[in-house]
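The values are calculated or read from the model by the stated rules, or taken from the named source; none is laboratory data. Everything numeric here is computed off the predicted structure, so don't read it as measured data. Every residue, glycine as well, gets a Cβ built from its backbone with ideal geometry; the counts of neighbours run over all protein chains shown. What goes into the accessible areas is simple: the full protein's heavy atoms, side chains included, and nothing from ligands, DNA or RNA. Shrake-Rupley method; radii C 1.70, N 1.55, O 1.52, S 1.80 Å.
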Amino acid sequence: MTLPLVAYRLLTRALEPVVPRLLDARVKQGKEDPVRVDERLGVAGVARPDGELIWLHGVSVGETLSLLPVVERFVKARPDLTVLVTSGTVTSAELLARRLPPGVIHQFAPVDAPGAVAAFLDHWRPSLGVFVESEIWPNLILAARDRAIPLALVSARITEKTAAGWARFPASARELLSAFRVVMPQDDTSAARLQSLGSRVDGQVNLKLSGAPLPHDASAFTALSAAIGDRPVVVAASTHEGEEIAIVRALDHIAERLCLILVPRHPERGPEIATALTRDGYRFGLRSRGSQPTGETDIYVADTLGELGLFLRLADVVVMGGSFGSFLGREPWGGHNPLEPARLAKPAVAGPDASNWLAVTDDLVRAGGLALVATPGDLPGVIAPLLDTPAAARAMGERACRAAADVGAGLDRLWDGLQPLLPPAAPR
């Protein structure tokens, strides 16, 4: 083990006694689950089933949701295996509780301290660990390696800043990355950065491009559709601070009376959005308070978790949030996944910032399934013609859906790459 990694292990071992106090402080801040906080110390919340177990890990909401197609593939193709999914945030745990198939176990990931990591691995004894995106925790990775647990780093994304940081410790970076038997970055840029740090590269896969349409509650869809009536619906999806009011004011210039549904990226911002809408005199309902849209509702704030699939299905046109940061004078947010409306054959419009989704955005624009505008003020010029001509909107949505299917084929590549690491199938 390199000297920096030895120093990291000694430091985290020395600090481990104070970790419970730090976790208690995070519980008070709402950043940890008070009932399950011991899982962060490696104390399992449930018993380990007999047989082989596959461990899939992603830190937050986006990463763990991108793992769902992989989970579903394991459940269908290898029912002899138990699947364990770990994540690091309360929000990701809440979403996974709704989305994981029956029989799949969720646990909070242990903090990267030697004792917590050892307790976690001793209990779960995984036959394979699959890390998604950029989860490079030295104690966890090296302890798994020392137990001869095969590891895969998939849909790997490494930023320029992260690569520069690891480049200061090249031998340590090589040792950590060599612990992975399979490395599949999500794009050429991450592949080049990983290779510069001495990593192998076994092809590419971006799990956020794979998967089925977002789920929804059919009864809730029926109730909301009836409440909205015949008005056209525009959904502003995954919006950030400042975008909601900018979009609302822009769409005021559309002559036809809309039902505008705002789905903030962070639902806890609902009261803040309500304050801004009240100040400007808009009639609105807040879903978190049990409101339903009525004939008097101009705007419906969908400030709840895990319901984006429901609201996208109601949409005639979708506006992608997170794409107008630069216009608002903020640090760019990088946009959000334009495949979510595309998989549901919904025409969509996005702002100028799609830096997190450049290749996908280019594919959808070329296919004619996504329109780009420079400012929120340009939205009416794109949206109004689509609302006036439903056939054109449907055709645009169908083009988006076909393009989404074309770019989402990476799951098969990943599945093939994992086969040499999987335990033999149990006899039936």
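Structure values in brief
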{"item": "Heavy-atom surface of region 311-428, accessible at 1.4 Å and reported per residue (Å²)", "result": "44"}
{"item": "Helix-only [θ]222 nm of the chain, DSSP H runs n ≥ 4, -39500 (n - 2.57) each, per residue, nearest 500", "result": "-12500 deg cm²/dmol"}
{"item": "Computed FRET value (nearest 0.05) for Leu10 with Arg413, which takes r as the C-beta separation and R₀ as 41 Å", "result": "0.55"}
{"item": "Length added when fully stretched, Asp388-Thr304, from 0.36 nm per residue minus Cα-Cα", "result": "27.2 nm"}
{"item": "Along each principal axis, Cα extent of region 135-201, largest first, Å", "result": "31, 23, 16"}
{"item": "Apportionment of accessible area to carbon and sulfur, region 365-428, percent (1.4 Å)", "result": "57"}
{"item": "Dipole of region 216-372, positive end: most advanced residue of Ile299, Thr222, Ser355 [Cβ charges, Cα centre]", "result": "Thr222"}
{"item": "Rel. contact order, % - alpha carbon contacts under 8 angstrom, at least six apart, region 324-370", "result": "38"}
{"item": "Where GluC sites (Glu not before Pro) fall in DSSP loop in region 195-267, at most 13 other Cβ within 10 Å", "result": "Glu256"}
{"item": "Relative contact order (percent, whole number), region 152-235, Cα cutoff 8 Å, 6+ residue spacing", "result": "30"}
{"item": "The chain, relative contact order [Cα under 8 Å, separation at least 6], %", "result": "12"}
{"item": "Shape category assigned to region 266-328 from the gyration tensor of Cα positions, a/c cut at 1.5", "result": "rounded"}
{"item": "Correct option for Cα extents along the principal axes in Å [calculated from the coordinates] among (i) 67, 51, 44; (ii) 71, 55, 36; (iii) 114, 42, 36", "result": "(i)"}
{"item": "Candidate lysines - alpha carbon under 23 Å from Lys161, same-chain residues fewer than 8 apart omitted", "result": "Lys208"}
{"item": "Cut-off 11 Å, label 7 Å out along Cα→Cβ of Ala171, residues of region 1-35 by amide N", "result": "1-6"}
{"item": "Length gained when the stretch Leu3-Glu256 is fully extended (0.36 nm per residue, less Cα-Cα span)", "result": "84.4 nm"}
{"item": "Accessible-area composition of region 1-153, carbon plus sulfur, in percent [1.4 Å probe]", "result": "59"}
